[in-house]
Amino acid sequence: MRVICLTLLAFLPASLPTQQAPADSAVRLEITSTSEEAIELFWMALSETQNYQETMSAQHLASALELDPTFGLARVAHACMATGLNAEWSKSDARRGLSDLAMASGNEQLVGLAWYQRRCRRDWAFAKQLFAVAVERMPGEPFLAYQLAMAAPMTAWEQKRDALERVADRFPDFSPTYNYLAIYNLRTGRNERAEAAAQTYVTLEPDLPNAHDTYPQVLHWLGRYEEAADHARRAIVIGAPPAWHDRLANILQLSGRGGEARAVLEAALEIADPDDRPDLLFALGNSFLLDGVEERAVETFQQTALEAERLDRPVYVAAAYEQAAITDGLLGDGRAIEGHLAAAAAVRGLEHPRHIRASGLAYGFAGETEWSRREAGRLAERGQEAWAASAHLLEGLSYLRDGAYDEAESELRLADPARPLTAALLAECYRGMKRLGDGRDMLDQSLSFTRLDLKENTGDELGLAYARLLRPQFNSGTE
């Protein structure tokens, strides 16, 4: 019976007409359950999931299933959306939920299958088709319109932005829309609309941690650090999980208050779950790096690697050791680079482009220009546009360390001059060419970067750290 039910569900979209919009545009999803209380808990959990209150959502879904163990849609939602579950168990329990949906409405089956395909199977294209049919059938259901908008590819920022704006126009009181609407407007340069969306989110959800986490992200990127810090603190006070406390740390770091940023991160680490500690430790290491505290930065990156290894997260292990190597090249004497890179290569591999880039940066900063130039060549040989800018960056760094400033400028201009690391290296290049005005402009460009995320190793943190090292030379006006 279960096999037959699942087979029918799998072919459900093919059996539907392409246009199913009912005459009543207010049609919403009706839930089938033996318990009215379970239905209320389901809707609460769905709202919490969309507003990033995953722990509360999982608890409410579990309670709904205790009241009604055959509540198929709640079981699919719990299996597909609750965090920290075993992947195979989640798929199995989601399939059980789909089977239980045999006694529910076709609309519930459709939504359950869409969640299963998106969350458990990671088949975003199929899920998008299912959500599209669901929106046609239930045009008055805001969460379906929202999830269809979010089913676009992750980096299709303008496409998602425009889709979310349509959702906001139709359902102006549906708060989750404004979270990503703020972010995608920000990423596409529509700053005023980004701030308006973030303000609307806070207005609709004044006591929701995620609303007060989104608003400071917008203000942070706009360089309005004092306002951003106020909202980030508010998010913590009303219950933002420790993993989010780096938002306030980012803002404090950019405000020149690195010590306070580290205090925030250290406090978060004391109460964070083990799964969240590697991100917070990496952020702490980057804070030490930005303030030029080489020994503590390296120690913290090593601790990050050790904890990530215990959690079986090889990508985190490699990134932490690579950042330790770069830190030694930038701030130290370079003698520990080889050991850190060997530890990273043991999990990432010598041929991984991220490892090659890290190796080139570490040795380049340490003045080992032949090695850095070799790594640039290895990246260039790949013929991949994604790594071409990094190859030019490493070439420029090598020429800069060799005092070949014209060649350095040519290569750095072929990198990404909008990034703070490229701008900082160009500042040093122009100083060597006695073009102090141009150098100061590039240094200011690097130091004015607002989108710092201490948890990441994009190179932006290196650019800010290097620009801060260069600043005294320009302030003194020495040649």
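Structure above, values below:
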quantity: Of the criteria (1) assigned to a helix (DSSP H, G or I); (2) more than 19 Å from the chain's Cα centre (by Cα), which one Pro206 fails; calculated: (1)
quantity: Every residue from the stretch 415-431 that is open to solvent by less than 40 Å² (accessible area, probe 1.4 Å), small (Gly, Ala, Ser) and closer than 24 Å to Ala380 by Cβ; calculated: Ala415, Ala423, Ala424
quantity: Pair list, Cβ < 6 Å and 6+ apart or interchain, from the stretch 294-320 residues that are over 19 Å from His355 (Cβ atoms) to residues that are open to solvent by 20 Å² or more (accessible area, probe 1.4 Å); calculated: Glu294/Leu331; Glu294/Gly332; Glu307/Arg277
quantity: Residue check, Gly367 free of Cβ contacts under 8 Å to residues at least 24 places away in the same chain and either among the hydroxyl-bearing types (Ser, Thr, Tyr) or over 22 Å from Leu222 (Cβ atoms) (or both); calculated: no
quantity: Candidates Ala261, Ala228, Ala235, Ala268 - the one that is in contact (Cβ under 8 Å) with a residue 40 or more places away in the chain, touching a helix residue (DSSP H, G or I) at 6+ places or on another chain (Cβ under 7 Å) and open to solvent by less than 10 Å² (accessible area, probe 1.4 Å); calculated: Ala261
quantity: Filtered residue count, the stretch 141-171, keeping only those that are closer than 18 Å to Tyr215 by Cα and open to solvent by 20 Å² or more (accessible area, probe 1.4 Å); calculated: 2
quantity: Given (1) touching a Leu at 6+ places or on another chain (Cβ under 8 Å); (2) touching a residue at least 40 places away in the same chain (Cβ under 8 Å); (3) part of a loop (DSSP other than H, G, I, E, B), number of the condition Gly140 does not satisfy; calculated: (1)
quantity: Residue match in the stretch 41-64 (condition: within 24 Å of Phe171 (Cα to Cα), open to solvent by 20 Å² or more (accessible area, probe 1.4 Å) and outside any helix (DSSP H, G or I)); calculated: yes
quantity: Residue match in the stretch 65-87 (condition: open to solvent by 10 Å² or more (accessible area, probe 1.4 Å) and touching a residue at least 60 places away in the same chain (Cβ under 8 Å)); calculated: yes
quantity: Residue match in the stretch 372-390 (condition: open to solvent by 10 Å² or more (accessible area, probe 1.4 Å), in contact with a Gly (Cβ under 7 Å, 6 or more places away or on another chain) and farther than 19 Å from Gly292 by Cα); calculated: no
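Conditions tested, residue by residue: (1) farther than 26 Å from Ala318 by Cα; (2) open to solvent by less than 50 Å² (accessible area, probe 1.4 Å).
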| position | (1), (2) |
| --- | --- |
| Pro242 | no, yes |
| His245 | no, yes |
| Ile251 | yes, yes |
| Arg257 | yes, no |
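The values are calculated or read from the model by the stated rules, or taken from the named source; none is laboratory data. No experiment lies behind these values; they were computed from the predicted model shown. Positions of Cβ are generated from backbone atoms using ideal geometry, with glycine treated the same way; all protein chains shown enter the neighbour counts. Remember, those area values only see protein heavy atoms, side chains included, never the ligands or the DNA or RNA. Shrake-Rupley method; radii C 1.70, N 1.55, O 1.52, S 1.80 Å.
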